[in-house]
1. Mind listing whichever residues of the stretch 219-235 are under 21 Å from the mean Cα position of the chain (by Cα) and surrounded by 21 or more Cβ atoms within 10 Å (Cβ to Cβ)?
2. On the given criteria, is Asp159 farther than 19 Å from Ala213 by Cβ and surrounded by fewer than 18 Cβ atoms within 10 Å (Cβ to Cβ)?
3. Which one is surrounded by the fewest Cβ atoms within 10 Å (Cβ to Cβ), of the residues in the stretch 75-103 that are among the aliphatic types (A, V, I, L, M) and in a helix (DSSP H, G or I)?
4. Of all residues in the stretch 38-62, count the ones that are among the acidic types (Asp, Glu) and out of contact with any Gly (no Cβ under 6 Å at 6 or more places or on another chain).
5. Regarding Trp192, is this residue touching a residue at least 24 places away in the same chain (Cβ under 8 Å), surrounded by fewer than 22 Cβ atoms within 10 Å (Cβ to Cβ) and in contact with a helix residue (DSSP H, G or I) (Cβ under 6 Å, 6 or more places away or on another chain)?
6. Which of the residues spanning the stretch 427-437 are surrounded by fewer than 21 Cβ atoms within 10 Å (Cβ to Cβ) and touching a residue at least 12 places away in the same chain (Cβ under 8 Å)?
7. Quick check: anything in the stretch 294-314 farther than 30 Å from Gln476 by Cα and of a type in the set (Lys, Arg)?
8. Residue under question is Gln283, and the condition is that it be out of contact with any helix residue (DSSP H, G or I) (no Cβ under 6 Å at 6 or more places or on another chain) and over 25 Å from Gly428 (Cβ atoms); does it hold?
Amino acid sequence: MLVLLALLACDPGPERAPVTRGEAPTVAPPAARLKRLTAVQYGNVMTDLFGDGVLLPSSLDPDQRIEGLFAVGSAYTTISSYGVEKYEGAAYDIAEQVMDDETLRATWVPCAPTALQDDACAEQALAALGRRAWRRPLATDELSALVSVSAEAAVALGDFHDGLEYGFAGILMSPNLLYRVELGDGVAYDDWELATRLSFFLWNTAPDEELLAAAERGELSTDEGLQAQVDRMLADPRAVEGVRNLFSEMLHLDELDDLSKDPTVYTYMSDALGASAREETLQGVQALVFDDDASYLDLYTTQRTFLDRTLAALYDVPAPEREGFGEVWLDEGQGRRGFFGQASFLALNAHAVSTSATRRGIFVREVVLCQVIPDPPADANTAIPEVSEDAATMRERIAVHLEDPFCASCHQLTDPIGLGFENFDGIGRWRTTENDATIDPSGELDGAAFQDAWTLAEAVADHPSTGPCLSRTVLQYATGAVADELDDDLEQWHAEGFGQAGHRVLWLMRDVALSPAFRGAGAPAEETAGDTGD
């Protein structure tokens, strides 16, 4: 993976055109807000600190999507009163596990206490854990309070380590851990805050010791120091998990955990389908980004995918491996290619007993092209007519949406696109007929005609909004800002560079990590989070 560093630089090599855009525009950065750790980030942080063996809570406060991303929703989400109890219980439980495990305890309490109350030993352990968990050194008063709690508990319980467990729990339930405190000074973030922003953007977890050490030396506030850490982090295997999380949020792959279909309608439906579909998409993203350093646009047109036996049966191709996933190359005769031919997209954007041209079209417009489709009026009739002799296919049954002026303004934008995927049923199985009538998947996307899903994928890849949309999405994912907070000129600047760089995702992530929108801190928002209720 280290070879990718050469590809990330502004001079991308002899076979790639250099990026020749001008300097970044001067912009007012988005308002600074506290960001609550997502459930995935919380789990990653606990695992980083204490290893894979630590038992984590089965449920926490739900994450909230705003503009399609948990990374944006986290800036507007508080912890409910019930959630506080969950985090508190988890903190005590994890602290107890650490003290009960000899290896973990030796790692985090390297000193041997000389008495029941040994403040020096407690301070050493608490300072080390606090620095990693809170992503900065603890202030003197913060550390003193934790040492006092530990000492009082040790005396009451008659054991130094049992007392220290309460100090550890205090660190693990603190807002300094549960929230990303990145507020800056109204102009820029300090080095510790930049370390946190970088690590959660590129790795989706807390900073490692090398990044914290760079922050302590003040290197992240220099161009050279920041670039060096960004390049190191993108070359680290942890960047794979960061990219997988970015695309999981963007493509709503977490929703596959709750995939529900009527098995009497879809005989290939199984409990394993959702997890398999998610992994197919993420392995494809991983190969495109890290193995090939290829264009993001290839995600929609590639004939390579990764299948296990569950998906091979659904796609009617030989399973590449007896267990797990293997590489498969699809041919045009199979009708599917790229992300739009995968069960993750096709099954999520369909109903329990039927396809949905509207859902599939909305997804393309909103997620891939960053266009806004208004919500239907409250009194809109969204029911699809029943199958009849004159309306056997989905195209014929939804024609009412395209003819009724009340509905057509929105459905003209979505349904013609969604109908392009009608050769795939509600879980992604290929078909040529519906109710014995031949399916017509042809249509037009913003002036580009397509004959079927195969050519529709090409139309999406060629659409002028597809590349800039990912550029905007990555900016939002990195900063937690809603689209209206992003500067139009800066968006265009990143999109221009992304296009000149061949739409390579790692190049874009590096570009955003060095962006004025990422490094500059606007004044803290008056309300740093919106209450989601108890």
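1. Val230, Met233, Leu234
2. Considered against the rule, which asks whether it is farther than 19 Å from Ala213 by Cβ and surrounded by fewer than 18 Cβ atoms within 10 Å (Cβ to Cβ), Asp159 comes out as yes.
3. Selected residue: Val84.
4. Summing the residues that are among the acidic types (Asp, Glu) and out of contact with any Gly (no Cβ under 6 Å at 6 or more places or on another chain) in the stretch 38-62 gives 2.
5. Yes, satisfied.
6. Those that are surrounded by fewer than 21 Cβ atoms within 10 Å (Cβ to Cβ) and touching a residue at least 12 places away in the same chain (Cβ under 8 Å): Arg429, Trp430, Glu434, Asn435, Asp436, Ala437.
7. Checked the stretch 294-314: at least one residue is farther than 30 Å from Gln476 by Cα and of a type in the set (Lys, Arg).
8. no
The values are calculated or read from the model by the stated rules, or taken from the named source; none is laboratory data. What you see is a predicted model; the values in this text were computed from it and never measured. For neighbour counting, all protein chains shown are included, and Cβ atoms are generated from backbone atoms with ideal geometry for every residue, glycine included.
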